[in-house]
Amino acid sequence: MNSQQLRGLDQIAVTRLKGVGAALEEKLTRLGLATLQDLLFHLPLRYQDRTRIQPIGTLRPGDECVIQGFVVSADIVPGKRRSLAVRLRDGSGQVTLRFYHFSAAQKNALKPGTELRCFGEARAGRTGLEFYHPEYRAVADPEAPVEERLTPIYPATEGLTQTRIRGLCEQAVEILAQQGGLRDWLPEGLQQRYQLMPLNDAVLYLHRPPTDADLHQLSESRHPAQQRLAFEELLAHHLSLQRLRHLQQRQGAPALKGDGKLIRRFMEQLPFALTGAQQRVVDEVARDIHQPTPMLRLVQGDVGSGKTVVAALAALQAIEAGYQAAVMAPTEILAEQHLINFGNWLEPLGIEIEWLAGRVKGKKRDEALARIGDGSARLVVGTHALFQDDVHFAELGLVVVDEQHRFGVHQRLALREKGRHDGRLPHQLIMTATPIPRTLTMSAYADLDCSVIDELPPGRTPVNTVLVADSRRPEVVERVRAACGEGRQAYWVCTLIEESEALQCQAAEGTAAELAEQLPELKVGLVHGRMKPKEKAAVMEAFKAHQLDLLVATTVIEVGVDVPNASLMIIENPERLGLAQLHQLRGRVGRGTAVSHCVLMYQNPLGQQSKERLRVMRETTDGFRIAEKDLEIRGPGEVLGTRQTGMMQFRVADLERDADLLYPIRGVASEMQSHTEACDAIIRRWLGHGVQYGSV
Ligand code: ADP
Ligand code: MG
């Protein structure tokens, strides 16, 4: 094929096809189908086999197929839902065709002896196997040929029928079959290295699979044709994130390099030495922020791995270099915890810290804004409130975002835009305790650099986790009595399926009262999301000071609580929480030297999936393994939340199934980087015009 002479199919508008007028064009545009190439990449969701007639006697439930036979009877069956039941017979057996919507004329036409050819899905019904509302027509010529090809089923939308879209794709496929014309942008050497099917062949195959194609393999998207496209699609996503990253790197940032005095003083007063992993990450961050291009680095570290001190050291470097630093957390309780920690560490060094949350209002807020604006506040800690429109920093050098997994790519970008000053962006450090599985850091987070704190501070003992049915609640209560009797403290976490916070809090109140009654010798406290911050803080303080033995809580304690003497945690209905959240909760114990225990008190009966998930919690305390498992069991949508996956809609690829493709893709992407034209074309082909996040 000489692609020089042919116009690429990405240059030919859909309007060139037969039957595409203005109205249809508009519908197609809405689907992102503007060119013949777009149509060719509008791939079938699945296929129907209408290529042969299946004997009725061999039908199994779920078979989607063509059958042909004679009408035995057509009766109206009365009942709650009146239906027309047509018995159909061939030489091998009988089935029922059932219609809930039908006309008298239709019934009359289905006279006994009429020969019908039908297509539909066999399902178990009242009379054995039944076809509900099958497509059917009377057979004039019993030898009339069936379809020659498998029938592709395309994604369609309102106003655009299957027949219509199929007709259009067929036209585009015909042109492709005749003259080729999809430019293959992957260098040949690379295709050979990864044994990829040629692009035109792959696309043709998927629109027109041969009749003997392995439909099972296709339905699982494991066919080489699909893998070829999945490879390119993942590459397209990766390239677009890479581009985003380059765009950002072209922006300037302040080089944060001070004289090191503050850092030295900070290290001297720190009551512990950094772990090797902490030191490594501190160095990685330092290297980044010394540069005049904005850092975008994700620090992953398990619960308790000591991320805060890494963030503090980064903030100190910004401050030392004469800039401000901001620390943002997604909830007030977590932000408060940072305020306390940073306050303890930085105030002795004479650094002014400002607090800004949604609840800071009126005069207080004005004063805070003034101090942020004139630069007297060197460090600002808070929630999203930090990034409201009227917050202006004097000169923000670094933004630290904790628990980033709750925010998506777009928010990530919005945040740093906030800090733009004289055309320069602040450096950004993102910290997450929910380990992001490698497959996702290589895809959804490919625009970030990653650091991992893969070591816990010394002296921690792994938490021993047990699963107990809630029928054994009395034993669990005894366990709490025993642990607290030995001078330890315990958490009792209540969860509820209801979204309502009010109900959750009510349940926690009930549980606290009940436990106080059963354990009269213990001092029982309660903390939940509806309490005022001051009340919450008072209870937490009391627990920290060991004025309380048992703390009953809703999941608000998930983050930010550090009480080393607490060595037992009971979690009610753990099956209702995500693994990441359970892992976070469990991280509240095991912070001291005593052996800690976590009791997952589930409600029977427990489904298979829940069992499997809870077993993971028992078997490992490694946050990364837990996250990988969670991904495996629930899929990326659930794990990341729909927000984050909003931009990760794949047509062919599946992060989990195609995880092995992600490994080479990183290398391939950097190999292709210099081929701007190819990168553009691949991105456009797969991400179309929806790549807003590429336009920072
Ligand atoms: P996380 O990564 O969960 O945010 P934190 O930063 O809250 O962890 O640290 C957990 C606890 O470990 C804190 O009490 C902190 O002071 C302590 N810590 C952090 N680093 C070390 C270290 N290198 N040695 C001993 N204790 C440490
Ligand atoms: Mg933390």
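Results for (1) in a helix (DSSP H, G or I); (2) among the basic types (Lys, Arg); (3) in contact (Cβ under 8 Å) with a residue 40 or more places away in the chain, shown as yes or no for each residue.
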site	(1), (2), (3)
Val452	no, no, yes
Arg460	no, yes, yes
Thr465	no, no, yes
Pro474	yes, no, no
Thr495	no, no, yes
Ala502	yes, no, no
Glu509	yes, no, no
Ala516	yes, no, no
Glu521	no, no, yes
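Would you check which residues across segment 453-462 are surrounded by 18 or more Cβ atoms within 10 Å (Cβ to Cβ) and modelled with pLDDT under 90 and list them? Steps first, answer last, please.
Narrowing segment 453-462 to residues surrounded by 18 or more Cβ atoms within 10 Å (Cβ to Cβ): 453-454, 456.
Those that are surrounded by 18 or more Cβ atoms within 10 Å (Cβ to Cβ) and modelled with pLDDT under 90: Asp454, Leu456.
Which condition number does Arg586 fail, the rest of (1) away from ligand 2 (no atom under 16 Å from the Cβ); (2) touching a strand residue (DSSP E or B) at 6+ places or on another chain (Cβ under 7 Å); (3) of a type outside the set (A, V, I, L, M) being met?
(1)
For segment 218-233, give me each residue that is out of contact with any strand residue (DSSP E or B) (no Cβ under 8 Å at 6 or more places or on another chain) and either at pLDDT below 90 or open to solvent by 60 Å² or more (accessible area, probe 1.4 Å) (or both).
Within segment 218-233, the subset out of contact with any strand residue (DSSP E or B) (no Cβ under 8 Å at 6 or more places or on another chain) is 220-233.
Passing the criteria: Glu220, Ser221, Arg222, Pro224.
Which one of Leu600, Leu606, Leu579 is under 22 Å from the mean Cα position of the chain (by Cα) and over 23 Å from Ala502 (Cβ atoms)?
Numbers: Leu600 fails: under 22 Å from the mean Cα position of the chain (by Cα); Leu606 fails: under 22 Å from the mean Cα position of the chain (by Cα).
Sole residue among the options that is under 22 Å from the mean Cα position of the chain (by Cα) and over 23 Å from Ala502 (Cβ atoms): Leu579.
Would you confirm whether or not segment 372-381 contains a residue that is acidic (Asp, Glu) and modelled with pLDDT under 90? So that I can check it myself, show each step before the final result.
Residues of segment 372-381 acidic (Asp, Glu): 374.
Going one step further and asking which of them are modelled with pLDDT under 90, we end up with none.
Checked against the condition, which is being acidic (Asp, Glu) and modelled with pLDDT under 90, segment 372-381 yields no hits at all.
Go through segment 346-371 and report how many residues are within 16 Å of ligand 1 (Cβ to nearest atom) and buried (at least 20 other Cβ atoms within 10 Å of the Cβ).
1
As an exercise: evaluate Asp288 against (1) modelled with pLDDT of 95 or more; (2) of a type outside the set (S, T, N, Q); (3) within 15 Å of ligand 2 (Cβ to nearest atom) and give the number of the one condition it does not meet.
Evaluating Asp288 over (1) modelled with pLDDT of 95 or more; (2) of a type outside the set (S, T, N, Q); (3) within 15 Å of ligand 2 (Cβ to nearest atom) leaves (3) as the failure.
Here are Arg615, Arg666, Arg643, Arg657: which of them is farther than 30 Å from Pro187 by Cα, modelled with pLDDT under 85 and not polar (S, T, N, Q)? Please lay out each step first, then the result.
Details: Arg615 fails: modelled with pLDDT under 85; Arg666 fails: farther than 30 Å from Pro187 by Cα; Arg657 fails: farther than 30 Å from Pro187 by Cα.
Only one candidate qualifies: Arg643.
Can you tell me which residues in segment 290-309 are more than 8 Å from ligand 1 (Cβ to nearest atom) and either open to solvent by less than 10 Å² (accessible area, probe 1.4 Å) or not basic (Lys, Arg) (or both)?
Taking segment 290-309 as the starting set, the residues that turn out to be more than 8 Å from ligand 1 (Cβ to nearest atom) are 290-300.
Within segment 290-309, His290, Gln291, Pro292, Thr293, Pro294, Met295, Leu296, Leu298, Val299, Gln300 meet the criteria.
Can you tell me which residue among Ile289, Ile351, Ile263 is closer than 18 Å to Leu386 by Cβ and among the hydrophobic types (A, V, I, L, M, F, W, C)? Walk me through it before giving the result.
Values: Ile289 fails: closer than 18 Å to Leu386 by Cβ; Ile263 fails: closer than 18 Å to Leu386 by Cβ.
When all the criteria are applied, what remains is Ile351.
Right, Leu339: more than 9 Å from ligand 1 (Cβ to nearest atom) and surrounded by fewer than 23 Cβ atoms within 10 Å (Cβ to Cβ) or not? Working first, answer last.
Numbers: more than 9 Å from ligand 1 (Cβ to nearest atom): yes; surrounded by fewer than 23 Cβ atoms within 10 Å (Cβ to Cβ): yes.
Considered against the rule, which asks whether it is more than 9 Å from ligand 1 (Cβ to nearest atom) and surrounded by fewer than 23 Cβ atoms within 10 Å (Cβ to Cβ), Leu339 comes out as yes.
In this structure, is Leu241 in contact (Cβ under 8 Å) with a residue 60 or more places away in the chain, part of a helix (DSSP H, G or I), out of contact with any Pro (no Cβ under 6 Å at 6 or more places or on another chain) and among the aliphatic types (A, V, I, L, M)? Outline the logic, then answer.
Numbers: in contact (Cβ under 8 Å) with a residue 60 or more places away in the chain: yes; part of a helix (DSSP H, G or I): yes; out of contact with any Pro (no Cβ under 6 Å at 6 or more places or on another chain): yes; among the aliphatic types (A, V, I, L, M): yes.
When the stated conditions are applied, Leu241 passes them.
Hey, could you check segment 37-54 for residues that are more than 39 Å from the chain's Cα centre (by Cα) and surrounded by 15 or more Cβ atoms within 10 Å (Cβ to Cβ) and say which is nearest to Ala172 (Cα to Cα)?
Step one: of segment 37-54, the residues more than 39 Å from the chain's Cα centre (by Cα) are 51-54.
Filter once more, keeping what is surrounded by 15 or more Cβ atoms within 10 Å (Cβ to Cβ): 51, 53-54.
Working: Thr51: 22, Ile53: 29, Gln54: 31 Å.
Restricting to residues being more than 39 Å from the chain's Cα centre (by Cα) and surrounded by 15 or more Cβ atoms within 10 Å (Cβ to Cβ), the top hit is Thr51.
In segment 276-285, what residues are open to solvent by 10 Å² or more (accessible area, probe 1.4 Å) and within 16 Å of ligand 2 (Cβ to nearest atom)? First the steps, then the outcome.
Taking segment 276-285 first, the residues open to solvent by 10 Å² or more (accessible area, probe 1.4 Å) are 276, 279-280, 282-284.
Selection gives Val282 alone.
Contact list please: Cβ distance under 6 Å, first residue in segment 577-589 and open to solvent by 20 Å² or more (accessible area, probe 1.4 Å), second residue within 15 Å of ligand 2 (Cβ to nearest atom), pairs at least six apart or on different chains.
Ala580/Thr434
Checking the conditions here, which among Arg625, Arg615 is over 17 Å from the mean Cα position of the chain (by Cα) and of a type in the set (D, E, K, R)?
Details: Arg625 fails: over 17 Å from the mean Cα position of the chain (by Cα).
Sole residue among the options that is over 17 Å from the mean Cα position of the chain (by Cα) and of a type in the set (D, E, K, R): Arg615.
All but one of (1) within 16 Å of ligand 2 (Cβ to nearest atom); (2) small (Gly, Ala, Ser); (3) open to solvent by less than 10 Å² (accessible area, probe 1.4 Å) hold for Ala236; which doesn't?
Single failed check for Ala236: (1).
Suppose we keep only residues that are touching a Phe, Trp or Tyr at 6+ places or on another chain (Cβ under 9 Å) and polar (S, T, N, Q) within segment 138-194. Which one would you say is least open to solvent (accessible area, probe 1.4 Å)?
Thr151
Go through segment 313-336 and count every residue that is within 12 Å of ligand 2 (Cβ to nearest atom) and crowded, with 22+ Cβ neighbours inside 10 Å.
Total meeting the criteria: 3.
Can you tell me which residues in segment 555-574 are surrounded by 21 or more Cβ atoms within 10 Å (Cβ to Cβ) and modelled with pLDDT of 85 or more?
Passing the criteria: Ala566, Ser567, Leu568, Met569, Ile570, Ile571, Glu572, Pro574.
The values are calculated or read from the model by the stated rules, or taken from the named source; none is laboratory data. No experiment lies behind these values; they were computed from the predicted model shown. Don't worry about glycine lacking a Cβ; one is built from the backbone with ideal geometry, like all the others, and counts go over all protein chains shown. The protein model used for the area step is the full one, side chains on, heavy atoms only, and it has no ligands, DNA or RNA in it. Shrake-Rupley method; radii C 1.70, N 1.55, O 1.52, S 1.80 Å.
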